[in-house]
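Take a look at the structure set out below.
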Amino acid sequence: MSGRGELRVSADPEALGRAAAELFAKVVRTAVDRQGRCSVLLAGGATPRRTYQLLAVEPWASGIPWPQVHFFWGDERCLPVGDPQRNETMARLALIDRVDVARGQVHPIDCAGSPEAAATSYAAQIATFFHDQPPCFDLALLGLGDDGHIASLLPGSAALAEARQWTAVARRPEEAFFRVTLTAPLLNQARLVVFLVSGSSKARVLRAALTGADPALPVHLIRPAGELLWLVDRDAAALLGTSHASE
């Protein structure tokens, strides 16, 4: 297990949200003390939503230097601004619009044009933020799909083979919209990658991710140069076959 990062198991989704919120606050404070700002990649989905909601209230909200936090996204659906299916919309409602964050600290994926143009533009925005140095996000939050996808690195997508570009376009056959996603080469440069995984529906894929089973799963592309941490709840960890202390 150690070769695939550290695993922390919480009793239930609420405890998982608290553990993730506490980690978020600690990472931000450490990064701001070290370099004056903190860059965070946000994930979409139900599990991180609870974490974001908790961060916007006490005891966490007042202990985080929000004016020094910059928000980016690991992926986005190419839908109009404000669409409820956009990851940006969820994060704004749950967190960003509820804390002291200025417009210039928020770096959404702009899908006003074509998906390809959005991907190119987002890569350029990231390059500018990091002053054309290799991008290194202080914290990258990722979810884990039932099919092993992370961000919008979907099974069978050409984006899985991307070795140089930081962004790519992907699409599910059943969806009418495209997605823009960051790629594994960029995600793997983060100082800390944190997977948030909750629920019994994720038990099988979590076991595969941690054991190396089914090497075709997109999650296996995540091998960060920095630290890797799995924050999961007891239901998601049900098939791991070992005992883990709950937080």
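The values are calculated or read from the model by the stated rules, or taken from the named source; none is laboratory data. Quantities reported herein were computed from a predicted structural model and do not represent experimental measurements. Cβ coordinates were reconstructed from backbone atoms using ideal geometry, including for glycine residues, and neighbour counts include every protein chain displayed.
Is it the case that residue 37 is modelled with pLDDT of 95 or more and either over 29 Å from residue 178 (Cα atoms) or within 15 Å of the chain's Cα centre (by Cα) (or both)?
Yes, satisfied.
Which one of 148, 156 is within 16 Å of residue 184 (Cα to Cα), of a type outside the set (Lys, Arg) and without any contact (Cβ under 8 Å) to a residue 12 or more places away in the chain?
Of 148, 156, the one residue that is within 16 Å of residue 184 (Cα to Cα), of a type outside the set (Lys, Arg) and without any contact (Cβ under 8 Å) to a residue 12 or more places away in the chain is 156.
Report yes if some residue within segment 46-64 is out of contact with any Cys (no Cβ under 8 Å at 6 or more places or on another chain), at pLDDT below 95 and either more than 27 Å from residue 189 (Cβ to Cβ) or surrounded by fewer than 16 Cβ atoms within 10 Å (Cβ to Cβ) (or both); otherwise report no.
yes
Within segment 106-115, identify whether any single residue is of a type in the set (A, V, I, L, M) and either farther than 17 Å from residue 168 by Cα or exposed (fewer than 14 other Cβ atoms within 10 Å of the Cβ) (or both), and answer yes or no.
Within segment 106-115, one or more residues are of a type in the set (A, V, I, L, M) and either farther than 17 Å from residue 168 by Cα or exposed (fewer than 14 other Cβ atoms within 10 Å of the Cβ) (or both).
Quick one: which of 119, 112, 91 is assigned to a helix (DSSP H, G or I), out of contact with any Lys or Arg (no Cβ under 9 Å at 6 or more places or on another chain) and among the hydrophobic types (A, V, I, L, M, F, W, C)?
Exactly one of 119, 112, 91 is assigned to a helix (DSSP H, G or I), out of contact with any Lys or Arg (no Cβ under 9 Å at 6 or more places or on another chain) and among the hydrophobic types (A, V, I, L, M, F, W, C), namely 119.
Could you name every one of the strands (runs of 3 or more DSSP E) located completely within segment 133-247 that has at least 1 residues being aromatic (Phe, Trp, Tyr) and within 15 Å of the chain's Cα centre (by Cα)?
Once the strands (runs of 3 or more DSSP E) in segment 133-247 are filtered for at least 1 residues that are aromatic (Phe, Trp, Tyr) and within 15 Å of the chain's Cα centre (by Cα), what remains is 192-197, 227-233.
What pairs come up if the first residue lies in segment 30-56 and is without any contact (Cβ under 8 Å) to a residue 60 or more places away in the chain, the second is assigned to a loop (DSSP other than H, G, I, E, B) and hydroxyl-bearing (Ser, Thr, Tyr), and their beta carbons are under 9 Å apart, counting only those six or more places apart or on different chains?
From residues that are without any contact (Cβ under 8 Å) to a residue 60 or more places away in the chain, the pairs are 50/198.
Of the residues 91, 118, which is on the phi < 0 side of the Ramachandran plot, in contact with a Cys (Cβ under 8 Å, 6 or more places away or on another chain) and at pLDDT 95 or above?
118
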